[in-house]
Amino acid sequence: MIFAFAVEVSVSGAKIKKVVILGGGTAGWMTAALLAKVLGKAISITLVESDRIGTVGVGEATIPPIVNFNQALGLDEREFLRATKGTIKLGIQFENWLRQGESYMHAFGSVGKKFPFCDFHHFWCRHRHAGGTSSYWDYSLNYQAAVHNRFAPLAQIKGTNLPGISYAYHFDAGLYAQFLRRFAENKGVHRIEGTVSGVQLCPRDGFVESLSLEGGQRIAAGLFVDCTGLAALLIEKTLGIDLESWSQWLPCDRAMAVPSAGSRPPIPYTRSIARAAGWQWRIPLQHRSGNGIVYSSDHWSDAQAREALMDSLDGEALAEPRIIPFRTGRRRNQWDRNVVSIGLSSGFLEPLESTSIHLIQSAATRLIKSFPHRGIRPAEVAEFNRQSQVEMERIRDFIILHYKLNQRRDTDFWRQCEAMEIPSTLADKIELFRHTGKVFRDYDDLFTEEAWQQVMLGQGIVPEDYHPIADTLSERQLDELMASLKTLIDGTVKSLPAHEEYLPFC
């Protein structure tokens, strides 16, 4: 639970009495909502946006921490799903990433049963070495519920101490921004409609003093949050903080998005389908499907991408496809002077693992935790930036993993991905898992051990060994463990209602 509390803050010797968020959309209104919830009694918050400036707005899939974010704001889940046309998300199904025709799922939540000092997949690996034929995903409650199109909130499997279902959402990002706008304005956030015509800097320290809007209005503040998306109006165009490029590892540099008529019933997972020069997403909402293709302009023209996307829609296209050029990488300083960049202005990681909205959430939370008391201190800014860098690099490595571990030989794009040099942090993790079956979650890692295990197993790494703790069970005990867990999960899934039954007015 997040509680509001009173603080006094200052910059350059003056108390910060006002925060200005430049840009609306998902990033702006998520930030405004959380700041208003926590600091609304201590500071005034103004959000400046223009209806004439569009947003990228393709971030329709999320990961489980979004549930905590909504709960921290005090949002009612049914009201939220109704307002955003949302559906439940239990994981991401990756199709054709290893080879054409093969698929696996990065399912949220736990797999099997937790053991002290040793993850469940070591027992599964031993079982496989002994001739067992079960899939690792036979022991994932989330996976089995997803493929059987079932869902209900379930904290724990009945009659056991095993965790239940972990879930996130698919939703219309534009509707979510509108929903949060109403929430934030009710909490006292002041919205100004306008377009920035100029930015005034303090000649002494280079801090942003104020924004000039077309029409002559001038807005001053002690702290500015740049939510202007890929334009990065304050952090880059004004303060000159550039991107550290990661294109050597993430070769896609364009996306194309289009909504289509939805299929019924909506499935409770995202689909990520590898294509000849990138990958395609399909996201089920209550009222439509979100579709898009992420691709490399070195390997595909826009016309080729459009043809691949439009020819593979499940339903009638509801608009013309929209092209979104991007650069993958992170802002070298996410916070510089008195400007904090949140959302796409802070960097871009393609939406393969649905992390874009989460990075907004974590940055807004980090800003509140680091909110200055008596002046903006370099040490505090440096720590904020260090945490941001580590978070982005951990996510970057997880996304690179999908590209690197392909076994496709059908196009130059996939051959290039398989052959590329990768960061040593990722290479070491892959080699450890390949030889020992062990994977360790870094302290700052967003993704769990089960997430790493599913992607590495799903993309063809069969560990050569397993942890010796798995040998503490006899063969009979191991067989019984596997059989009982599978029976328990199958029975739990059968008891769940259909996913569609949980959705309001679907």
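The values are calculated or read from the model by the stated rules, or taken from the named source; none is laboratory data. Note that this is a predicted model, so its numbers are computed, not measured. We place every Cβ from the backbone using ideal geometry, glycine too, and count neighbours over all the protein chains shown.
Brief remarks on what is shown
- When the criteria are applied in full, Asp445 meets the requirement of being surrounded by 14 or more Cβ atoms within 10 Å (Cβ to Cβ) and among the acidic types (Asp, Glu).
- Enumerated strands (runs of 3 or more DSSP E) restricted to segment 216-272, each holding at least 1 residues that are modelled with pLDDT of 95 or more and touching a Leu at 6+ places or on another chain (Cβ under 6 Å): 218-220, 223-226, 254-260
- Of all the numbered requirements in (1) free of Cβ contacts under 8 Å to residues at least 60 places away in the same chain; (2) assigned by TED's automatic domain parsing to the domain that holds Phe123; (3) assigned to a helix (DSSP H, G or I), Leu485 misses one, and that requirement is (1).
- Checklist (1) in a loop (DSSP other than H, G, I, E, B); (2) of a type in the set (Val, Ile, Thr); (3) closer than 30 Å to Ala36 by Cβ applied to Ile422, failing item: (3)
So that you can scan it fast, the table gives a plain yes or no per residue for (1) assigned to a helix (DSSP H, G or I); (2) at positive phi; (3) within 25 Å of the chain's Cα centre (by Cα):
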{"position": "Arg82", "(1), (2), (3)": "yes, no, yes"}
{"position": "Ile88", "(1), (2), (3)": "no, no, yes"}
{"position": "Ile92", "(1), (2), (3)": "no, no, yes"}
{"position": "Trp97", "(1), (2), (3)": "no, no, yes"}
{"position": "Gln100", "(1), (2), (3)": "no, no, no"}
{"position": "Trp124", "(1), (2), (3)": "yes, no, no"}
{"position": "Arg128", "(1), (2), (3)": "yes, no, no"}
{"position": "Thr133", "(1), (2), (3)": "no, no, no"}
{"position": "Asn142", "(1), (2), (3)": "yes, no, yes"}
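- Among the conditions (1) farther than 24 Å from Ile399 by Cα; (2) surrounded by fewer than 17 Cβ atoms within 10 Å (Cβ to Cβ); (3) modelled with pLDDT of 95 or more, Val38 misses just one, which is (2).
- Residues located in segment 289-299, provided they are in contact (Cβ under 8 Å) with a residue 40 or more places away in the chain and surrounded by 21 or more Cβ atoms within 10 Å (Cβ to Cβ): Gly290, Gly292, Val294, Tyr295
- Hey, Pro497 touching a helix residue (DSSP H, G or I) at 6+ places or on another chain (Cβ under 8 Å) and not hydrophobic (A, V, I, L, M, F, W, C) or not: no
Conditions (1) outside the structural domain of Arg415 (by TED's automatic domain parsing); (2) among the small types (Gly, Ala, Ser); (3) closer than 23 Å to Ile400 by Cα, marked per residue:
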{"residue": "Ile273", "(1), (2), (3)": "yes, no, yes"}
{"residue": "Gly290", "(1), (2), (3)": "yes, yes, no"}
{"residue": "Ser296", "(1), (2), (3)": "yes, yes, yes"}
{"residue": "Leu313", "(1), (2), (3)": "yes, no, no"}
{"residue": "Pro321", "(1), (2), (3)": "yes, no, no"}
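- Candidate set: segment 440-451, residues that are free of Cβ contacts under 8 Å to residues at least 24 places away in the same chain and in contact with a helix residue (DSSP H, G or I) (Cβ under 8 Å, 6 or more places away or on another chain); chosen: the one farthest from Ser388 (Cα to Cα): Phe440
- Candidate set from segment 461-506 (those that are charged (D, E, K, R) and surrounded by 16 or more Cβ atoms within 10 Å (Cβ to Cβ)); member that is farthest from Arg150 (Cα to Cα): Lys486
- Tally, over segment 401-433, of residues that are in contact (Cβ under 8 Å) with a residue 60 or more places away in the chain and either basic (Lys, Arg) or outside the structural domain of Ala451 (by TED's automatic domain parsing) (or both): 1
- Residue within segment 328-349 that is at pLDDT below 95, in contact with a strand residue (DSSP E or B) (Cβ under 7 Å, 6 or more places away or on another chain) and part of a loop (DSSP other than H, G, I, E, B) present: no
- Against the conditions (1) surrounded by 16 or more Cβ atoms within 10 Å (Cβ to Cβ); (2) in contact (Cβ under 8 Å) with a residue 40 or more places away in the chain, Glu316 satisfies every one except (1).
- Among the residues of segment 152-178, just one is part of a loop (DSSP other than H, G, I, E, B), under 29 Å from Ala27 (Cα atoms) and among the polar types (S, T, N, Q), namely Ser166.
- Residue within segment 198-215 that is under 28 Å from Thr328 (Cα atoms), under 29 Å from the mean Cα position of the chain (by Cα) and not in a strand (DSSP E or B) present: no
- Among residues of segment 56-70 being modelled with pLDDT under 95 and of a type outside the set (D, E, K, R), the one that is farthest from Asp172 (Cα to Cα) is Val56.
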